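The numbers here are math on the coordinates, done by the rules we state, and not lab data. Note that this is a predicted model, so its numbers are computed, not measured. With ideal geometry, Cβ positions are generated from the backbone for all residues, glycine too; neighbour counts draw on all protein chains shown.
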């Protein structure tokens, strides 16, 4: 590394402070944004105000009424630059918190509050890193973009709106700032929801043969789903595991003394990176037909109601190596791993065709969506500094 390059890196890192990271994260946590509920607007207002104060260019675009996506850009040269991706919504706080969930506080080196890990801390780390790059006068060959979308925790309307609105833009790579305990995640499974409605014929339970039980037919469909799930588990990918089924909801019938005229199933189908949920649904329909379930007065309708694609970036891709090296230079030894969870990064990998990783402060399994959620302040600092180094190094390589 040249003396000039080392100097600008030192200047940028010196501008990233624990106090500012804590302050920004606390403000974002206090803005709440529980979803379902569509209340992300306050979070976007806090993030936009900080980005404007940092000298970034900002743009808000409504994904739905009162639900704006935010794009903040640190200008650079003509080459494609990095895209950082995050979301403004949090899951409902629920009960059992030791303090109000949207009144953040610090204790023993951790910042507590709903969304601190998933993922207000990651958003704060990106924003503070971009501010430091701007303040240090870093000359980047390409712009660096932060995209913050709504509705990641529910149906993903925000990321879909973002990819439509920004189709044709080019990026050198994407870093999703979701919580990974600062591991470099190079692949994620995707997710899809499949809703199935079984139509039968209601009758008095004293003469069940007069009706056609939608619940009985739905039980047979559940059997097919369980069989397929077990088949999928026979082949395990060393990084991502296997696709999977889960019957999440079932609702049917109108009374104990009546044959059920209708039954509804909501199925979760986790996807491998090359899976297409519509082809998966076609396969389920075919098995229903082969089993003779949709006959003799029974009808079945089904549709894909949500899909989030998976992705995989080669372990030897420069973005992966740059991320591991940046963390190492910040004093953190990052492992390379995969996620069985899903995230919005799959849309970026698919729709923009760019290498994508997930890398952020906080723990997915032990903190995200948990009561008394918290994030390590030391991880916030390390993440912000690593993001800044990635911008300086990856943009030059791009």
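Numbers at a glance
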read-out	value
Length gained when the stretch residue 19-residue 350 is fully extended (0.36 nm per residue, less Cα-Cα span)	115.4 nm
Spin-label zone in region 242-279 - amide nitrogen under 15 Å from a point set 7 Å from the Cα of residue 291 along the C-beta vector	245-248, 263-268
Mean residue ellipticity (222 nm) of the chain, computed from DSSP H runs ≥ 4 via -39,500 (n - 2.57), nearest 500	-11000 deg cm²/dmol
Relative contact order [Cα under 8 Å, 6+ residues apart], the chain, whole percent	25 percent
Kirkwood-type radius of region 287-398, with distances r between different C-alpha atoms, in Å	17.4 Å
Region 38-88: mean projected area of Cα convex hull, nm²	3.8 nm²
Among 173, 86, 109, residue whose mean-square fluctuation peaks in a GNM of the chain (springs only between Cα atoms under 10 Å)	109
C-alpha long axis of helix 41-53 to longest principal axis of the chain, angle in °	20 degrees
Distance histogram for region 110-218 (every C-alpha pair counted, 10 angstrom bins, percent rounded to whole numbers)	9, 26, 26, 12, 11, 10, 5, 2, 0
Fluctuation leader among 49, 368, 147 - the chain, Gaussian network, Cα springs under 10 angstrom	49
Over region 102-154: Rg over Rh, Cα atoms, Kirkwood Rh	1.08
Shape category assigned to region 1-85 from the gyration tensor of Cα positions, a/c cut at 1.5	oblate
Whole-angstrom Cα spans of region 270-315 along principal axes, big to small	52, 20, 12
Inter-label distance for residue 268 and residue 210, nm, one decimal - labels placed 7 Å from Cα along Cα-to-Cβ	4.1 nm
Förster-model FRET efficiency, 25 Å R0, residue 256 and residue 199, C-beta, rounded to 0.05	0.80
In nm, spacing of pseudo-spin labels at residue 78 and residue 170 (7 Å Cα→C-beta vector)	1.0 nm
Protection proxy ranking of 373-382, 97-106, 267-276 - average other beta-carbon atoms within 10 Å, highest first	373-382, 267-276, 97-106
Semi-axis lengths (Å, descending) of the ellipsoid that matches the C-alpha gyration tensor of region 191-308	30, 13, 12
Segments 138-144, 280-286 sorted - mean Cβ within 10 Å per residue, highest first	138-144, 280-286
Cα centroid separation - region 181-240 against region 1-74, whole Å	40 Å
Peptides 301-308, 341-348, 230-237 ordered by average Cβ neighbours within 10 Å, highest first	341-348, 301-308, 230-237
Calculated log₁₀ intensity ratio I(q)/I(0) where the Debye formula runs over C-alpha points of the chain, q = 0.06, 0.07, 0.09 Å⁻¹	-0.28, -0.37, -0.58
Average projection area in nm² (convex hull over Cα atoms of region 1-148, one quarter of hull surface)	9.8 nm²
Highest-MSF residue in the chain out of 159, 293, 16 [GNM, Cα springs under 10 Å]	293
